[in-house]
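What follows is a single structure, written as structure tokens, with notes after it.
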Amino acid sequence: MASCENYSKFECDMLDNKLNLKDELTQVGFDHIPPGPDRDRRISRAQTARRLGSKVPPPYPNGWYAVAESRELKTGGVQAVDVLGQNLCVYRGEDGAARCVDAYCPHLGANLAVGGSVCGNCIECPFHKWRFNEEGACVSVPGVEQAPKGVSIKHWTTSEVDGAVWIWYDAEHREPLWNISDAPELKSWGYRGRNEYIVSAHIQEIPENGADVAHLNAVHSPSLLTSLGEKFPFLYNIIGCHEWSANWSKGEDHTSYITLTHDYKILKYNVLHIDAKITQIGPGNVRLLINWPLGPILISQSVTPLSANLQKVVHRMFSPAYNAPAAAVFVKTEGAMFERDVAIWNSKRFVSAPAYVRTDKTIRAFRSWFSQFYSENSLSFRDAMQNTLEW
Ligand code: FES
Ligand SMILES: [Fe+2]
């Protein structure tokens, strides 16, 4: 078992004997709040006394969203999932397929995910044992010969891809506008671990980071190996730094692409070159194919809105067997790079009309591309904030 002692800031455990790093909202980006007995209260105030911006886009764009880890949802397993302004019940039927229905039973409102059980491919309510099939229709009621006609719960279209269970969310209640399937590499590559972040920001901010080329060398340049270069700038060249270049382009439809190069330079010598091909698939799904000297790694990123301004971001790592140790290292190092963005997201506000300069042209293009995921009946940010799941 790998040691977790170096990850004291993270909650760290092992999932299927693989590293599983989790970082909560309060753990990143609040270094400016000094230690003291009231620090937690001051962090809480920094979060809630925050302007979120004007003309903020709808919080739940149309698309596929990860709602559960495949490995954690065993056959017959049931999970309560509260995302996208919905209370959901995710379960795995005895045929092995993952399913998702609204949580509340139409009979007297019990939560199917809390004490409910899987029978065949149906979900059974814990309160009076009514059963609902995979389409959400009520199919049996104890003590009654015929289940009441027309009684049903909403079922969500699901797909199981890249180690996660995804649901299709659409404000217009359309069938999926595109389908998702496993990354081709996963036919032979294995799972190597994951990291997970809770980020306070609008969902659009996270994919926009890939089109924001200018931030790369501003935020991601200081060495991951040591923070000495930041404390002692004269050591910067000796310790080395990360240099980045990137190109963002939109595809014909719901996909966009980034080609990214990274060089770790010490005294102008390039000691580590990494190429990445990044594919954004809709609003909440990204694949990063990394090529570095030790072999390829696939990172599958999911971004799922827990509420209007709160995202769960997971990076799942996959690689060929020979590259497994290097991929496991990426769980931590990729997370450390990502954490630099999280520190900014956790305190920023959304700016609807930025003062664009020449180097920001891909941000403008990204926003135009991303707007396809909003539609006429998308819930407004203001309405979502006024009708939160928290009360
Ligand atoms: S509340 Fe679900 S069966 Fe009665
Ligand atoms: Fe970034």
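Give a residue-ordered list of calculated ³J(HN,Hα) values for the range 25-42 (Karplus: 6.51 cos²θ - 1.76 cosθ + 1.60, θ = phi - 60°; whole Hz; x for Gly, Pro).
3, 6, 9, 10, x, 10, 5, 6, 8, x, x, x, x, 9, 4, 4, 5, 5
Please give the FRET efficiency for Gln386 paired with Lys277, using the beta carbon to beta carbon distance and R0 = 35 Å, rounded to the nearest 0.05.
Here the calculated transfer efficiency is 0.30.
Which of the aspartates and glutamates could be linked to Lys332 by a straight reach, that is with a Cα gap under 14 Å, when you skip same-chain ones fewer than 8 residues away?
Within reach: Glu5, Glu11, Asp13, Asp23, Glu196.
In whole Å, what three semi-axes, largest first, describe the equivalent ellipsoid of the range 343-389 built from its Cα gyration tensor (square root of 5 times each eigenvalue)?
They are 25, 17, 8 Å, listed from largest to smallest.
Order 242-253, 317-328 from most to least packed using the mean count of other Cβ atoms within 10 Å.
Taking the mean over residues of other Cβ atoms within 10 Å, the ranking is 317-328, 242-253.
Sorted from fewest to most neighbouring beta carbons within 10 Å, what does the list Arg131, Arg364 look like?
Arg364, Arg131
Sorted from largest down, give the three principal axis spans of the alpha carbons of the chain, whole angstrom values.
Extents along the principal axes, in whole Å: 81, 53, 49.
The range 30-81: Rg/Rh from Cα coordinates, Kirkwood Rh?
Checking Rg against Rh, the ratio lands at 1.19.
List, largest first, the extents of the alpha carbons of the range 233-335 along their principal axes, each in whole Å.
The Cα atoms of the range 233-335 stretch 43, 32, 29 Å along their principal axes.
In degrees between 0 and 90, to the nearest 10, how far off the longest principal axis of the chain does helix 324-345 point, with axes built from Cα atoms?
For 324-345 against the chain, the angle is about 90 degrees.
So if I take the centroid of the Cα atoms in the range 244-300 and the same for the range 31-107, what is the distance between those two points in Å?
Between the Cα centre of the range 244-300 and that of the range 31-107, the gap is 27 Å.
Tell me the volume per residue, in Å³, of the convex hull enclosing the alpha carbons of the range 281-374.
132
Can you put Phe234, Phe366, Phe127 in order, fewest other beta carbons within 10 Å first?
Starting with the residue having the fewest Cβ neighbours, the order is Phe234, Phe127, Phe366.
Show the residues, 5+ positions off or on another chain, whose built amide H is closer than 5 Å to the amide H of Ala183.
Asp162
Give me P(r) over the range 149-256, computed from all C-alpha to C-alpha distances, binned every 5 Å, as integer percentages.
2, 7, 10, 12, 16, 17, 12, 8, 6, 4, 2, 1, 1, 0, 0, 0
Counting every Cα pair in the range 198-287, what percent are over 18 Å apart?
Summing the P(r) of the range 198-287 above 18 Å gives 53 percent of all pairs.
Using only helices, what value at 222 nm comes out for the chain when you add -39,500 (n - 2.57) per DSSP H run of length 4 or more and divide by the total residues, to the nearest 500 deg cm²/dmol?
Helices in the chain give a 222 nm mean residue ellipticity of -5000 deg cm²/dmol.
Within a 10 angstrom radius of the beta carbon, how do Cys241, Cys89 rank from fewest other beta carbons to most?
With the sparsest Cβ surroundings first, the list reads Cys241, Cys89.
Determine the equivalent ellipsoid of the range 166-219 by diagonalising the alpha-carbon gyration tensor, then write out the semi-axes as square roots of 5 times the eigenvalues, largest first, rounded to whole Å.
They are 26, 22, 13 Å, listed from largest to smallest.
Roughly how many nanometres apart are two label points built 7 Å out from the Cα toward the Cβ at Glu172 and Ser221?
4.4
Of the candidates Leu272, Leu260, Leu306, which one comes out as most mobile in a Gaussian network treatment of the chain with C-alpha springs shorter than 10 Å?
Leu272
Give the long-range amide H neighbours of Asn285: residues separated by 5 or more places, or on another chain, with amide H under 5 Å away, using H modelled in the peptide plane at 1.01 Å from N.
Counting only residues 5 or more places away or on other chains, the set is Val303.
Looking only at Gln47, Gln79, Gln280, which one moves most when the chain is put into a Gaussian network model with springs between Cα atoms under 10 Å?
Answer for the Gaussian network model of the chain: Gln47.
Using the structure shown, select from Lys250/Lys277; Lys265/Lys361; Lys187/Lys312; Lys250/Lys348 the pairs with a Cα to Cα distance greater than 21 angstrom.
The pairs that break the limit, which is 21 Å between Cα atoms, are Lys265/Lys361; Lys187/Lys312; Lys250/Lys348.
Values in this text are rule-based calculations from the coordinates and carry no lab data. Quick caveat, the model's predicted, so the values are computed rather than measured. Here the Cβ is made from the backbone with ideal geometry for all residues, glycine too, and neighbour counts use every protein chain on show.
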